[in-house]
Amino acid sequence: MHAVSISAAVALALVSVSFPPRAHAQQAEHATQLEELVITAVPIGDPDRLATIAGSVGRDQLLRGGGNTIADALAQLPGVTSSGFAAGAGRPVIRGMDANRVRMLEDGIGSFDVSDVGPDHGVPLEPFAAERVEVVRGAATLRYGSQAIGGVVNAISNRVPLNLEAGTVRSEAVASFGSGADSRDVAAQLNARGSAFAVHADAFDRDADDYDTPEGSMQNSWLRARGAALGSAWIGDAGRLGLGVVRHESRYGIPGEEAYIDMAQTKLSLRSAWQLSAGPWSRLTVDGGWADYEHSERDEEHVAHSTFRDREWDARAEAVSGPLGFLSESALGVQLQRRAFSALGEGEEYLAPTLTTSRALFGFGEVQLAPRWRLQLGLRVEGVNVRGTPAESDAVITRGFTPVSASTGLVFEPAEHWRLGLALSSAARAPAQTELYARGVHEATATWEIGDPDLRQERADAAELTLRWRGERVHADASVWVTQFSNYVYGAFTGRSCSEEGLCVVGADEELTELLYTQRGALFRGVEGHAQIELLRRATGDLHLDLLADTVRATLDGGAGNVPRIPPWRVGAGLVWQGARLDARVSVRYSARQDRLAEEETPTGGFTNVDAELAWRPFAGRRSVELALAGRNLTDSAQRNAVALNKDEVILPGRDLRLMVRALLD
């Protein structure tokens, strides 16, 4: 696969994605060695030195893949899949965890949406605008708070252009056409910098009809989306400061329903990085964002039945030092967040207005124990308040939590190309607004959901062992991990069905299925591996073999069965040719049958997915044109997503052939 799972990452609280940003490597015309993508997963040092493993998908694969969502682009990474509810609503699932345990970011700041409230709600992060997407798992996620206990997905962009070199003028235009849904996508961006000032502008437009499946067209699976961004930055010798504004609009159908989502978001971003010369501190970064988000759930007559609103901001500052006492490197940071959620119309029957605030202090340090041994330590302390109205009550209450999370990582380099890592962490998570205060019908998922305002703080004690090989012709990563949850919060189906008035009985054939939020102990464990092997090196290009495999098993304590909606094990292999003028790829991935089920779940059959790509660049130099042809699900196999709530009604897209034209001026 074009993007490799890069060992990066962390055994501690601070290790996560993007902050401060690093300039990414420019793509060489011809790769003479295995590709190594940069992961901005740590505040200090080289992330590949640390204890856990991160992954990245680069811009070429984002564009050629043609996915509608960020989650679509990440399926090639071990341990990552998509919730896959609709063409415009797919959220990443990492090691069997999603929603309130996976944090979505753009340039290190929250995505500011309500995708954690329901799987039919999209994430307003546009793949066309991203330079790459990074994924951090395990102990590394603690840097971004309790809602990232399962993973972090960070879309890295130039929308605030802090990293352009002086004299840069770079533009890009992309157009693609797909057969499976008669899709038409166009996007363009411009980056320019004089001496001290830089600007960025981008725009995109997506249009797709109902997609085809082996069993016919999937009704109400269409998508319309558009957006634009404008950013500027001052870049000086002592620091950098930039501002950006983004507008994102989308409408998409909900398969199996006679309704669609009408979404809009306006977002402001601030990013900065400053060089320090006082005392031991060498660098300070201050980033922030604010967004006004709203979406309505409309019927075929365009009448809005439910409207969800989110007014949210997120700010963080982080200082990095050189040697300080026994620490060879260290960092210290603070983070503040405020989220005001409200729903109108029928949406208020599901969740009354809530207000979530948090403030956090976090730190990270590394100790060089010996030439081949390093120890990393991290700590995060949060204060979280969640205000809302419980089910069967009109009284507004506030729950307060103090999640304290810590981690340690030990890295040993027994030989030049080998790294062994051991990461231990204990992370706490405050229950989210829906888990505490859900109070009724959720139309899109056909559930009657009831939260529990007495839920306790969730804790995950985890251990992960990693092995990395970085040879000239072989790059390989493997990890074995286990996480023991105390007070694991999940939505349990009771076996009863409910009317829209909330009358729930056993054996009735009502429209809604009862789901109650509860908690108990749970054990997650898994294995992940990825390898890239150079088979052939020639003057005209290189031939690589890509291999990946992952599996996760998750059970509830006390003989209560399996955790709901866990992905099955997968294996995959691919051949990749990378050259100066021609790239080619073919990959085969097998997803197994999932029959380890929670109560009231149904099994999902296994399937084999075959993809292929061909990209040709007829010209060299500053003006470049790329023509690419990509095929997805070439065997047109019937596929269902084991982690999707609507998997029994929705078949994933069938065969799709996509033609892309890309023009660059650099």
Reduced to Cα centres, the span from segment 398-420 to segment 504-582 in Å works out to 23 Å
Could you state the number of Å between the C-alpha centres of segment 55-133 and segment 294-322? 15 Å
Row for the chain, column shape: gyration tensor on C-alpha, a ≥ b ≥ c, rounded if a/c < 1.5 i.e. under 1.5, prolate if a/b over b/c, else oblate; value rounded
Quick one: what do you get for segment 520-625 if you divide its Cα Rg by 2.2 N^0.38 Å? 1.57
Among 71-79, 540-548, what's the highest-first ranking by average C-beta atoms within 10 angstrom per residue? 71-79, 540-548
Under the definition of Cα pairs under 8 Å and six or more residues apart, what whole-number percent is the relative contact order of segment 47-665? 10 percent
Would you calculate the separation in nanometres between label points at ALA395 and ASP237, each defined as 7 Å from the Cα along the Cα-to-beta-carbon direction? 6.4 nm
Ranked from highest to lowest mean number of other Cβ atoms within 10 Å per residue, what is the order of the peptides 185-197, 163-175? 185-197, 163-175
Under the Karplus relation 6.51 cos²θ - 1.76 cosθ + 1.60, θ = phi - 60°, what is the ordered set of whole-Hz ³J(HN,Hα) values for segment 185-197, x standing for Gly and Pro? 10, 9, 7, 8, 8, 9, 10, 8, 9, x, 8, 10, 10
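Please work out the ratio of the alpha-carbon Rg of segment 71-189 to 2.2 N^0.38 Å and round it to two decimals.
Dividing the Cα Rg of segment 71-189 by 2.2 N^0.38 Å gives 1.15.
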Per residue of segment 119-128, what does 6.51 cos²θ - 1.76 cosθ + 1.60 with θ = phi - 60° give for ³J(HN,Hα)? Whole Hz please, x for Gly and Pro, Karplus curve as stated. x, 7, 9, x, 9, x, 10, 9, x, 4
Environment charge at TRP481 (Cβ cut-off 15 Å; Lys +1, Arg +1, Asp -1, Glu -1): +1
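When TRP448, TRP481 are ordered from fewest to most other Cβ atoms inside 10 Å of their Cβ, what list results?
In increasing order of surrounding Cβ atoms, one gets TRP481, TRP448.
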Which of ASP207, ASP120, ASP611, ASP237 comes first, and how do the rest follow, when ranked by fewest Cβ neighbours within 10 Å? ASP237, ASP207, ASP611, ASP120
Excluding ARG251 itself, calculate the net charge of residues whose Cβ lies under 10 Å from the Cβ of ARG251, where each Lys or Arg counts +1 and each Asp or Glu counts -1. +1
In this structure, the FRET efficiency calculated for LEU268 and HIS302 from their beta-carbon separation, with R0 = 35 Å, to the nearest 0.05, is 0.75
5 angstrom amide H check on ALA352, placed H, neighbours 5+ away: THR389
P(r) for segment 198-256: what percent of alpha-carbon pairs falls in each 5 Å bin, starting at zero? 5, 15, 17, 12, 11, 9, 9, 8, 6, 5, 3, 1, 0
Would you calculate a helix-derived [θ] at 222 nm for the chain, using -39,500 (n - 2.57) for each DSSP H run of n ≥ 4 and dividing by the full residue count, to the nearest 500? -500 deg cm²/dmol
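With the contact rule set at Cα under 8 Å and sequence spacing of 6 or more, what percent relative contact order holds for segment 208-254?
Relative contact order, segment 208-254: 36 percent.
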GluC sites (Glu not before Pro) lying in DSSP loop within segment 485-568, provided at most 14 other Cβ fall within 10 Å: GLU500, GLU501, GLU511
Identify the trypsin sites (Lys or Arg not before Pro) of segment 492-570 meeting these criteria: DSSP loop state and at most 13 other C-beta atoms within 10 Å of the C-beta. none
Karplus-derived 3J(HN,Hα) from phi for segment 309-323 (6.51 cos²θ - 1.76 cosθ + 1.60, θ = phi - 60°), whole Hz, x at Gly and Pro, runs 10, 9, 10, 8, 9, 8, 9, 8, 9, 8, 10, 10, 10, x, x
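Taken together, the values in this text are just the output of simple stated rules run on the coordinates, not laboratory data. This one's a predicted model, so the numbers in the text were calculated from it and none came from an experiment. Here Cβ is always computed from backbone atoms with ideal geometry, including for glycine, and neighbour counts include all displayed protein chains.
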